[in-house]
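The values are calculated or read from the model by the stated rules, or taken from the named source; none is laboratory data. Not measured: the values here are computed from a predicted model. Cβ placement follows ideal geometry from the backbone for every residue including glycine, while neighbour counts extend to all protein chains displayed.
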Amino acid sequence: MKKVYVNEKVCMGCRLCEVYCLLKHAQTKDLVKAYKKESPRALSRIRVDESGIVSLSVRCEHCAEAPCVRACLTGALSRDPVTGLVTVDEEQCIGCGTCALVCPLGVPKLDKAQKKMVKCDFCQDEEIPVCVANCPNEALVYMEEKPDNNRVVNYVNTN
Amino acid sequence: MKTFVTPKFKVNRDEDRCIQCQVCVNQCSFGANYYDAEENKVKSREELCTGCHRCEAFCPTNAIRVTYNPLDYRGNYNWRPDIIEDITKQSETGGVLLTGMGDDKSQRIYWDHIVLNASQVTNPSIDPLREPMELTTYLGQKPERLELEPGTHNLKTKMTPQVKLDVPVMFSAMSYGAVSLNVQESLARAAKEMGTLWNTGEGGLHPSLYKYGDNTIVQVASGRFGVHADYLDAAKIIEIKIGQGAKPGIGGHLPGEKVSADVSLTRMIPEGTDAISPAPQHDIYSIEDLAQLIYALKEATNYTKPVSVKIAAVHNAAAIASGIVRGGADIVVIDGLRGATGAAPKVIRDNVGIPIELALASVDSRLRQEGIRHRASLVASGGIRSSGDVAKAIALGADAVYIGTAALISLGCHVCQQCHTGKCAWGICTTDLRLTKRINPEIGARRAANLLRSWSIELKDILGGLGVNALESLRGNRLHLRGIGLSDTELEILGIRMAGN
């Protein structure tokens with residue numbers, strides 16, 4: 001499956017991926033309205049982590065052996081065997097937050113108003129996810145999964 | 001001490017548009033923007049703003065406009081705001097004012113007073129879309145005459161090394177340490193793609209860039225940083241740097257804080273020590289000494305590479321250039337008044353040296369008069385802004401040009417002149433690893449190559465209009481130029497006629 005990869009050598013921590021992810025999940029298409037008018041404000045499915053000089057954009061990895069799917073109390077989370085996408089069935093989600101506890105990246109977010117968890121779906125209705133499309137430094141790449149790719153990011157010296 | 005310098009810029013933030021995303025905060029490396037959590041507002045410390053427009057370019061809602069702070073000093077042609085501020089800063093620091101980039105003062109820019117010709121009726125122009133146009137340039141010493149083998153017509157004359165350029169525009173010397181490795185990689189990749197050269201500057205060649213050796217000019221300068229056998233062998237051209245346009249007669253100083261482990265390895269100096277390039281090369285006090293170094297470098301590389309000598313354009317540039325050619329240099333580089341730098345005393349940058357247009361014309365004329373013009377290629381540098389400037393420089397007698405500032409602008413530089421602070425928000429003139437990431441060499445190479453691509457298309461358009469199909473036909477052909485608004489002396493030095501004449 002196609003996944004979003006982060007080139008941490010050029011991720012500069014501007015957090016525009018967070019901004020555009022939020023917009024994508026807002027009712028409106030207008031950034032100013034999404035932030036200032038919509039209440040409650042939509043949630044970004046992305047988090048930018050920073051440590052020292054390294055910064056990187058973190059989102060759901062859609063793991064093959066997804067711990068969140070295993071841990072989900074109600075079976076709301078499932079991994080599509082064909083597309084490999086881990087999705088949440090909002091009808092069944094009770095917003096207990098167990099998924100967030102077991103996720104090694106801590107990416108599931110809780111929509112407190114709806115009492116549901118929200119997560120990245122790689123923008124299924126877009127050609128490429130909006131975070132990738134709007135990354136100003138091309139640090140995010142949407143490409144076919146490479147089996148040899150180490151998905152746990154190397155925290156080594158970037159240069 | 002209380003500073004009397006008032007903020008130069010104003011960060012105007014449209015509160016209706018600001019969404020407090022704080023991109024401006026994380027992008028400003030000068031700390032001019034900050035988030036006030038109590039009021040949930042993004043605010044600015046305007047005294048720290050340098051007018052680099054990074055925040056403006058990255059604001060996703062176009063909420064920011066950085067403008068000059070409308071500080072209206074009482075009008076005075078003599079005591080202009082910049083002069084008042086310089087004096088104020090010096091009274092507060094007691095030091096030399098440092099700055100980056102090139103001379104920004106109002107000395108005449110001759111390119112803007114020179115116009116090109118075009119063919120009409122009596123001589124046909126050429127359509128570059130339909131007919132081949134030749135921009136290929138060979139740098140290096142040309143023989144007195146060519147001899148061919150009588151029977152086979154093969155070349156009998158032994159040629160000295162020639163370097164082929166597909167575009168007569170090269171990237172000028174910017175060292176690793178002054179600019180980041182990502183910037184060098186961007187330029188090196190663009191040079192490779194476009195068939196031209198980039199220049200290491202005096203900072204050595206990082207191991208990761210040896211693969212671009214065929215498109216690399218390596219510099220040997222007064223500090224001799226990073227010079228060793230492999231370095232010379234890797235290059236296409238070796239350049240001896242005597243001076244640079246931004247600071248003729250002045251050496252260089254890379255502060256110890258910028259000498260990281262990687263920079264120290266490349267420069268071959270201990271980590272954290274200041275890298276000081278002396279003002280003169282201490283083994284060159286005459287043309288004869290220069291000739292010794294030229295031939296030492298030629299010996300060291302077995303006469304396989306042209307040796308170039310770069311000088312700043314100064315009053316007697318023509319006589320010096322003649323000496324350089326007679327000393328055995330294959331290429332002479334003249335860097336004009338507007339040539340830029342990573343750091344220089346402001347007083348030197350803005351007051352020392354002569355405009356490249358005049359220096360280039362007088363050097364070319366002098367070498368022709370002495371009958372030695374063919375013995376070296378001439379490269380003009382310092383303030384080349386467009387393909388129009390390139391065409392004019394070629395017509396004034398240059399074989400090729402160097403671009404530095406224009407190349408950096410293609411990568412994002414907004415010419416805010418803060419290179420000397422090492423805090424470049426565009427991630428160009430810095431070694432801060434947090435900032436250098438801002439140049440993605442993939443994008444940088446694309447942008448720099450695109451610039452050369454557009455200039456080469458435009459150059460072909462210019463040539464077509466002139467009715468010639470090769471850059472060779474424009475080279476040194478000053479009849480294609482006319483001057484406007486210039487005095488007789490200026491026209492005479494430039495060797496061009498007044499428009500209408």
Going through segment B:75-109 one residue at a time, which ones are assigned to a loop (DSSP other than H, G, I, E, B), more than 16 Å from B:Ala343 (Cα to Cα) and of a type in the set (Val, Ile, Thr)?
B:Ile109
When every residue in segment B:456-501 that is polar (S, T, N, Q) and within 26 Å of the chain's Cα centre (by Cα) is compared, the one surrounded by the fewest Cβ atoms within 10 Å (Cβ to Cβ) is B:Ser473
Selection count, segment B:59-77, where residues are modelled with pLDDT under 95 and either surrounded by 14 or more Cβ atoms within 10 Å (Cβ to Cβ) or among the polar types (S, T, N, Q) (or both):
2
Among strands (runs of 3 or more DSSP E) entirely inside segment B:224-303, those with 2 or more residues being not assigned by TED's automatic domain parsing to the domain that holds B:Ala319 are none
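Does segment B:17-33 contain any residue that is more than 10 Å from chain A (Cβ to nearest Cβ), in a strand (DSSP E or B) and crowded, with 16+ Cβ neighbours inside 10 Å?
Of segment B:17-33, the ones more than 10 Å from chain A (Cβ to nearest Cβ) are B:28-33.
Then drop every residue that is not in a strand (DSSP E or B), which leaves B:33.
Checking the rest, the ones that are also crowded, with 16+ Cβ neighbours inside 10 Å come to B:33.
Checked segment B:17-33: at least one residue is more than 10 Å from chain A (Cβ to nearest Cβ), in a strand (DSSP E or B) and crowded, with 16+ Cβ neighbours inside 10 Å.
Hey, among B:Lys346, B:Lys298, which residue is surrounded by 17 or more Cβ atoms within 10 Å (Cβ to Cβ) and in contact with a Ser or Thr (Cβ under 6 Å, 6 or more places away or on another chain)? Let's see the steps before the verdict.
Values: B:Lys298 fails: in contact with a Ser or Thr (Cβ under 6 Å, 6 or more places away or on another chain).
After applying the criteria, what remains is B:Lys346.
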The lone exception for B:Phe58 - which of (1) on the phi < 0 side of the Ramachandran plot; (2) away from chain A (no Cβ under 14 Å) it fails
(2)
Which count do you get for residues in segment B:424-453 that are within 14 Å of chain A (Cβ to nearest Cβ) and either hydrophobic (A, V, I, L, M, F, W, C) or under 13 Å from B:Gly342 (Cβ atoms) (or both)?
11
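Select from segment B:5-16 the residues that are away from every other protein chain (no Cβ under 14 Å) and either more than 17 Å from B:Pro60 (Cα to Cα) or surrounded by fewer than 17 Cβ atoms within 10 Å (Cβ to Cβ) (or both) and list them in ascending order.
Just the residues of segment B:5-16 that are away from every other protein chain (no Cβ under 14 Å), to begin with: B:5-12.
Of everything in segment B:5-16, those that are away from every other protein chain (no Cβ under 14 Å) and either more than 17 Å from B:Pro60 (Cα to Cα) or surrounded by fewer than 17 Cβ atoms within 10 Å (Cβ to Cβ) (or both) turn out to be B:Val5, B:Thr6, B:Pro7, B:Lys8, B:Phe9, B:Lys10, B:Asn12.
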Among (1) free of Cβ contacts under 8 Å to residues at least 24 places away in the same chain; (2) within 13 Å of chain B (Cβ to nearest Cβ); (3) more than 16 Å from the chain's Cα centre (by Cα), A:Val82 falls short only on (2)
So which residues in segment B:399-411 are touching a residue at least 60 places away in the same chain (Cβ under 8 Å) and either under 13 Å from the mean Cα position of the chain (by Cα) or within 14 Å of chain A (Cβ to nearest Cβ) (or both)?
B:Ala400, B:Val401, B:Tyr402, B:Ile403, B:Gly404, B:Thr405, B:Ala407, B:Leu408, B:Leu411
Output the number of residues of segment A:35-54 satisfying the condition of being surrounded by fewer than 21 Cβ atoms within 10 Å (Cβ to Cβ) and facing another protein chain (nearest Cβ under 8 Å).
2
Provide a single number: the residues in segment B:124-151 that are of a type in the set (A, V, I, L, M, F, W, C) and more than 11 Å from B:Ala470 (Cβ to Cβ).
4
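Conditions tested, residue by residue: (1) crowded, with 24+ Cβ neighbours inside 10 Å; (2) among the β-branched types (Val, Ile, Thr); (3) assigned to a loop (DSSP other than H, G, I, E, B); (4) modelled with pLDDT of 95 or more.
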residue: B:Ile324; (1), (2), (3), (4): yes, yes, no, yes
residue: B:Ala359; (1), (2), (3), (4): yes, no, no, yes
residue: B:Val363; (1), (2), (3), (4): yes, yes, no, yes
residue: B:Arg368; (1), (2), (3), (4): no, no, no, yes
Evaluate segment B:187-196: report whether one residue or more is part of a strand (DSSP E or B) and farther than 27 Å from B:Ala275 by Cβ.
no
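Count, please, the residues in segment A:123-133 that happen to be more than 16 Å from A:Ala26 (Cα to Cα) and not in a helix (DSSP H, G or I). Outline the logic, then answer.
At the first step, the residues of segment A:123-133 found to be more than 16 Å from A:Ala26 (Cα to Cα) are A:127-128, A:132-133.
Adding the requirement that they be not in a helix (DSSP H, G or I) leaves A:127-128.
Total meeting the criteria: 2.
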Does B:Lys2 count as away from every other protein chain (no Cβ under 14 Å), closer than 30 Å to B:Ala499 by Cα and either among the β-branched types (Val, Ile, Thr) or not in a helix (DSSP H, G or I) (or both)?
no
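Of all residues in segment A:1-29, which are assigned to a loop (DSSP other than H, G, I, E, B) and more than 9 Å from every other protein chain (Cβ to nearest Cβ)?
Of the residues in segment A:1-29, the ones assigned to a loop (DSSP other than H, G, I, E, B) are A:1, A:7-15, A:25-29.
Scanning segment A:1-29 gives A:Met1, A:His25, A:Ala26, A:Gln27, A:Thr28, A:Lys29.
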